[in-house]
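A.B. asks: Submitted below is the structure of interest, expressed as structure tokens.
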Amino acid sequence: EKTLDNDQFTAFENVKYEGLTNSMQKFSVKSENAYILDKDPNLVFMKNMLVEIYLNDGRTVRIRSKAGRYHKESHDCWFVDDVVADDGEIEVKAGNLDLLASENLVNIYNNVIVNYPTGSLNADSAVYDFETKYMKLSMFDDKTIKMKVFQ
């Protein structure tokens with residue numbers, strides 16, 4: 001057991017968790033290195049985090065980041081630093097992505113870039129539902145969303 005800023009923690013390598021979301025979809029959470037603070041054993045801090053969500057329609061959503069956190073009870077995930085999410089069709093890059101399994105919601109923010117087969121767009125933030133493929137984009141001020149569409 002080690003200490004980090006006076007907190008006791010346990011470190012792990014090559015961690016993998018599996019489970020079901022609220023909408024009964026299988027998922028896995030993997031990390032090369034992880035640690036858990038003794039005072040909050042449900043929250044796993046991860047490096048090189050990868051989540052795979054196996055959607056009921058056969059698609060697989062992959063979300064990667066250099067760092068992140070995973071809550072073992074709620075299955076919520078918070079990705080930070082070089083976040084890339086894709087479902088084989090749409091790729092999203094951002095500084096942060098919060099996968100809130102407890103709310104069936106994905107919040108994406110900080111320099112969001114969405115690449116579609118037909119174009120790309122930039123926004124400050126996005127809320128995405130992988131089931132309906134509905135994305136709500138917004139900017140933090142009055143700026144307009146930049147979008148390129150290819151025919």
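The values are calculated or read from the model by the stated rules, or taken from the named source; none is laboratory data. Keep in mind that what you see is a predicted model, and the values were worked out from it rather than measured. Virtual Cβ from ideal backbone geometry, glycine too; neighbours counted across all protein chains shown. What goes into the accessible areas is simple: the full protein's heavy atoms, side chains included, and nothing from ligands, DNA or RNA. Shrake-Rupley method; radii C 1.70, N 1.55, O 1.52, S 1.80 Å.
A.B. asks: Say whether the condition of being under 19 Å from Val51 (Cα atoms), at pLDDT below 90 and of a type in the set (Gly, Ala, Ser) is met by at least one residue in the stretch 137-146.
C.D. replies: no
A.B. asks: Turning to a different aspect of this structure: Of everything in the stretch 53-106, what is more than 22 Å from Pro117 (Cα to Cα) and touching a Phe, Trp or Tyr at 6+ places or on another chain (Cβ under 6 Å)? Give them in sequence order.
C.D. replies: Correct list: Ser65, Gly68, Arg69, Cys77, Asn96, Asp98.
A.B. asks: Still on this structure, please answer the following. Of the residues Lys16, Lys30, Lys66, which is over 28 Å from Ala123 (Cβ atoms), surrounded by fewer than 15 Cβ atoms within 10 Å (Cβ to Cβ) and not β-branched (Val, Ile, Thr)?
C.D. replies: Only one candidate passes the filter, namely Lys16.
A.B. asks: Within the stretch 94-113, is even one residue at pLDDT below 95, open to solvent by less than 60 Å² (accessible area, probe 1.4 Å), over 25 Å from Tyr17 (Cα atoms) and in contact with an Asp or Glu (Cβ under 8 Å, 6 or more places away or on another chain)?
C.D. replies: Yes, the stretch 94-113 has at least one match.
A.B. asks: Still on this model: Among what's in the stretch 24-46 and is charged (D, E, K, R) and in contact with a Lys or Arg (Cβ under 7 Å, 6 or more places away or on another chain), pick the residue that is modelled with the highest pLDDT.
C.D. replies: Lys30
A.B. asks: Looking at Thr21, Thr60 in this structure, which one is at pLDDT below 95, farther than 28 Å from Leu121 by Cα and more than 11 Å from the chain's Cα centre (by Cα)?
C.D. replies: Step by step, each of Thr21, Thr60 is checked, and only Thr21 is at pLDDT below 95, farther than 28 Å from Leu121 by Cα and more than 11 Å from the chain's Cα centre (by Cα).
A.B. asks: Can you tell me how many residues in the stretch 1-13 are open to solvent by 80 Å² or more (accessible area, probe 1.4 Å) and at pLDDT below 90?
C.D. replies: 6
A.B. asks: Can you confirm whether the stretch 32-45 contains a residue that is part of a strand (DSSP E or B), among the charged types (D, E, K, R), touching a residue at least 12 places away in the same chain (Cβ under 8 Å) and in contact with a strand residue (DSSP E or B) (Cβ under 8 Å, 6 or more places away or on another chain)?
C.D. replies: yes
A.B. asks: Failed condition for Leu55, given (1) open to solvent by less than 40 Å² (accessible area, probe 1.4 Å); (2) in contact with a Ser or Thr (Cβ under 8 Å, 6 or more places away or on another chain); (3) farther than 17 Å from Ser31 by Cβ; (4) hydrophobic (A, V, I, L, M, F, W, C), with all others met?
C.D. replies: Of (1) open to solvent by less than 40 Å² (accessible area, probe 1.4 Å); (2) in contact with a Ser or Thr (Cβ under 8 Å, 6 or more places away or on another chain); (3) farther than 17 Å from Ser31 by Cβ; (4) hydrophobic (A, V, I, L, M, F, W, C), only one is false for Leu55: (2).
A.B. asks: Checking Gly88 against (1) under 19 Å from Val127 (Cα atoms); (2) open to solvent by 40 Å² or more (accessible area, probe 1.4 Å); (3) touching a Ser or Thr at 6+ places or on another chain (Cβ under 6 Å), which test does it fail?
C.D. replies: (3)
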